[in-house]
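Comments concern the structure below.
The values are calculated or read from the model by the stated rules, or taken from the named source; none is laboratory data. Only a predicted model underlies this, so the values are computations on that prediction, with no experimental measurement involved. Counting neighbours? That spans all protein chains shown, and the Cβs are built from the backbone with ideal geometry, glycine included. Just the protein is used for accessible areas: all its heavy atoms, side chains included, with ligands, DNA and RNA removed. Shrake-Rupley method; radii C 1.70, N 1.55, O 1.52, S 1.80 Å.
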Amino acid sequence: MSGFGVEVRDLTARYDATVALDSVSFTIRPGVITGLLGRNGSGKTTALSVLAAFKRRASGTVLVDGEDPWENERVLAGTCLVRESGDVAQDQKLKDTLEFLADRRPLFDTQLAGALMDRFELDPLNRPDRLSRGKRSAFGVVVGIASRTPLTLLDEVHLGMDAPSRYAFYDALLADWLEHPRTIVLSSHLIGEIERLLEDVVMLDRGAVLTVSDADTLRSSGLTVTGPAHDVAAFVAGREVVARQHLGRTAQATLVGPRDDDAARARAAGLELGPVALQDLFVHLTDRVPTPEEAR
Amino acid sequence: MTVDVARAPRVSSVRATAQWLLMMHLYLAMWAWAMAIVVVTLAIVVINTVGEVQNSVLSFARQGAIWFPFSVFIAITAAYLPVHIAAGLTRRSLARGSILAAIGTGIAYGLVYNGLLLVERAVFGAMGWEWRVLEGMSPDTADPLAIATSTTLTFVVAYLCGLLVGITYMRAGGWWGTLALPLTVGPILVVSVLFAYESGPLETSAWFGSDQASPIAAAASLLIIAVQAFAFDRLTRGVDVPRRTT
Amino acid sequence: MFDGRDPLYVQIADQIRSDVLTGALRAEEQVMSTTQYATTFRINPATAAKAFTELVDEGVLYKRRGIGMFVAEGAREQLLAQRRASFFADVVEPMLEQARVLGIGVEEIVERLREKEGPR
């Protein structure tokens, strides 16, 4: 396996008095594309910031490729965090930033960077502070992919991009990952588009780990049951129901934790079973009052 | 892949950082001095037409050479930190690179300033004007070497002060950053006073004797520079990258 | 596409199986590589690879080193045999259960089936 693995144990991180992460533990497998999912303010950015040594931790253990990343020259050279804000010199030409990084990142691929710049229609002579939000995000993607670091952390980079750019991003990421497999973490609260790109998922909620799983297992952990309200109620009795909807006498319940005999029982009762998209499962699992942004 | 990453960067990251920051400051210095030369020349011409040139005009640029790079160092410390860390570099190399850049910039400003003073002096000599330094806190001496030492050391101290102000605001926020200003900016005043040993508010030449005052001021400056560098290094090692940079 | 209830890799494998069953993919025909598959459908390459591994293990596909993956000789027959075997369990029995719930007798079903089959 190539790429850096990550091990986090009992990690607590604070901003002054605010606890952003409260004793969280998770691992990220080396060479795997992992999704770090959570609502706004769930601690995603904080977790990534600690992994990339942007931020000090209050307590706990963080190991990247077996070592503490803080002030660790080898580990940091192999770790790249791209935040949505874009931590590049705002008043310098994009081409100067790429040169700057090429001199500092051991595996930086200048040719790939050039190709991606064309792909995203970025002018090398332009400056970040003169770019739209989408173009700034696209430049972050160029930096993140072309740095080719064994641990690449992309924090909500795709949010500002328009649909064609996002697809170009997914394609470029997969193509380069196939040629140079490495650990990639995509963080987001909008999951629909990226869920199939993910092999593993770490879900955070209010500064704690909600679930750590491979994406396939997580996806098949939810199911919907639809049919006459009375039969649905009987079917889901005693099980973990995360959502219910009624339309006249028809009801739909969303369950977590499928059982082997579900299909047979549903057939017998004349009920219909359906899948739950990861995005919906995520909303159900983290739902208090959905924010307008997530309801989109 | 892991093997490749372990390979040493092409140049030492301290050196790369120092060079990069130094180039940025020297680029700004080029513009600053170009403007200073124009302004000083015009001033001399004007003074000569309306009255009599009696003292060095360029020596008034000393304050500018202290405070302009000082403020640039504050701004660049804040702006460059996220860029440096995001490029996968350590705070150690940031601290050392910044300190080297401050010293290098101080020496560069010292060289240019004192070089121009010599030129001004030669021009004054040729025109038959009297050349003396009238500016309050400068040494009342005509010895070029003494002026060069005092100004260059003052510049270095000032630019390190810029670094300290920047990092203190980042570490401690607005309130504490402001409360710490006597500590972070104070060294500029201290060395200025020490070097103005004959005309300054403390008149240290009366304490140490006029032969000793200058070397003592120089030694004190070097000590202050060492303390500043140490403090900046410590403060930088523990700094978080701010949450928002735009 | 790929929005069923099964794990993604199972759905991918199922899709290739049904392509083989319908004849869209013939014996000895080359199938998409994992790489092509992953990039075409924007799917995690490891997930796609898992589907292909399963199909190779089943004998539906086989690998030619350095060239790619191909549909095995007899893969269609093999899949047909499996589907036939599971036809009664997956289709007929659930139908009978439904019929029982609705009070439809076996005779009635057989009659309907004959009717449908008749004109052909």
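Taking only the Cα atoms of region A:68-158, the ratio Rg/Rh comes out at 0.95, with Rh defined as the Kirkwood radius.
Under the combined filter of DSSP loop state and at most 14 neighbouring Cβ atoms within 10 Å, region B:9-74 retains these trypsin sites (Lys or Arg not before Pro): B:ARG10. The trypsin sites (Lys or Arg not before Pro) of region A:13-79 meeting both criteria, a DSSP state outside H, G, I, E and B (loop) and at most 14 other C-beta atoms within 10 angstrom of the site's C-beta, are A:ARG56.
Keeping the other protein chains in place, figure out the carbon and sulfur percent of the accessible area of region B:22-84, with a 1.4 Å probe. Intermediate values should be presented prior to the final figure.
Working: 2590 of 3220 Å².
Taking all protein chains in place, region B:22-84 shows 80 percent carbon and sulfur surface.
Label zone (A:ARG244, point 7 Å along Cα-to-C-beta; backbone nitrogen cut-off 14 Å) within region A:250-274: A:250-255.
Of A:ARG127, B:ARG91, the residue with the largest accessible area leads and the full order is A:ARG127, B:ARG91 (1.4 Å probe). First measure r as the distance between the Cβ atoms of A:GLU71 and B:VAL119, then evaluate 1/(1 + (r/R0)^6) with R0 = 45 Å and state the FRET efficiency to the nearest 0.05. Computed FRET efficiency for A:GLU71 and B:VAL119 comes out at 0.45. When Rg and the Kirkwood Rh are both derived from Cα coordinates, the Rg/Rh ratio for chain A amounts to 1.03.
Under 15 Å from a point 7 Å along the Cα-to-Cβ line of A:ALA163: which residues of region A:194-219 have their amide N that close? Answer for region A:194-219: A:194.
Taking only protein heavy atoms and a 1.4 Å probe, the accessible area of region A:132-229 is 54% carbon and sulfur.
One-quarter of the Cα convex hull surface for region A:222-275, in nm²? Please report the intermediate quantities before stating the final value.
Values: hull surface 12.7 nm².
Result: a mean projected hull area of 3.2 nm².
For the protein assembly as shown, the solvent-accessible area of protein heavy atoms averages 47 Å² per residue (probe radius 1.4 Å; ligands and nucleic acids excluded).
Protein heavy-atom surface of region C:6-72, 1.4 angstrom probe: 50% of the accessible area is carbon and sulfur, with nucleic acids and ligands not counted. Remark on the protein assembly as shown: hydrodynamic radius 30.0 angstrom, per the Kirkwood mean of 1/r across alpha carbon pairs. Take the Cα of A:ASP129, step 7 Å toward its Cβ, do the same at C:ARG65, and the gap between the two points is 5.9 nm. Scaling the Cα radius of gyration of region C:74-115 by the globular reference 2.2 N^0.38 Å produces a ratio of 1.49. Assuming charge only on the beta carbon of Lys and Arg (+1) and of Asp and Glu (-1), the dipole of the protein assembly as shown about its Cα centre is about 380 debye to the nearest 20. Note on the protein assembly as shown: lysine pairs with Cα distance below 18 Å, sequence gap of 8 or more or different chains, count 4.
To the nearest Å, what is the center-to-center distance of region C:84-103 and region A:137-166, using C-alpha atoms only? Centre-to-centre (Cα) distance: 50 Å.
Among the DSSP helices (H) of chain A, those spanning at least 18 angstrom by Cα along their long axis with an average Kyte-Doolittle hydropathy of 0.5 or more are A:133-146; this is a geometric and hydropathy rule only.
Placing unit charges on each Cβ (+1 for Lys and Arg, -1 for Asp and Glu) gives the protein assembly as shown a dipole about its Cα centre, and among B:GLN228, A:PRO150, B:GLN54 the Cα reaching farthest toward its positive end belongs to B:GLN54.
In this simple spin-label approximation, B:ASP143 and A:ARG29 carry label points 7 Å from Cα along the Cα→Cβ vector, and these lie 7.5 nm apart.
By a 1.4 Å probe calculation restricted to protein chains, B:SER71 has an accessible surface near 60 Å², given to the nearest 10. Restricting the calculation to Cα atoms, every distinct pair contributes to the Kirkwood radius of region A:1-131, found to be 16.6 Å.
Given 25 °C and 0.890 mPa s, how large is the Stokes-Einstein diffusion coefficient of region A:182-296 in µm²/s, with Rh as the Kirkwood radius over Cα pairs? Don't skip to the end; give the middle numbers.
Working: Rh = 15.4 Å.
Taking Rh from Cα pairs, D becomes 160 µm²/s.
Counting only alpha carbon atoms, the long axis of helix C:8-22 and the longest principal axis of chain C meet at about 70°.
Between A:SER2 and A:HIS180, the distance separating the two model label sites (each 7 Å from Cα on the Cα→Cβ line) works out to 0.8 nm.
Choose one of C:VAL92, C:VAL56, C:GLY4: the residue whose Cα lies farthest towards the positive end of the charge dipole of chain C (beta-carbon charges +1 Lys, Arg; -1 Asp, Glu; about the Cα centre). Value computed over the given set: C:VAL56. The share of Cα pairs per 10 Å bin across region B:12-237, counted from zero up to the longest distance, runs 8, 31, 32, 20, 8, 1 percent. A simple charge model with +1 on the Cβ of Lys and Arg, -1 on the Cβ of Asp and Glu and nothing else charged puts the dipole of region A:6-217 at about 440 debye relative to its Cα centre. What is the distance in Å between the Cα centres of region A:42-102 and region C:3-50? Taking the Cα centre of each part, region A:42-102 and region C:3-50 sit 37 Å apart. Relative to the longest principal axis of the Cα atoms of chain C, the long axis of helix C:45-58 lies at roughly 60 degrees.
Shown here for region C:1-67: trypsin sites (Lys or Arg not before Pro) in loop regions (DSSP other than H, G, I, E, B) with at most 12 other Cβ atoms within 10 Å, namely C:ARG26, C:ARG65.
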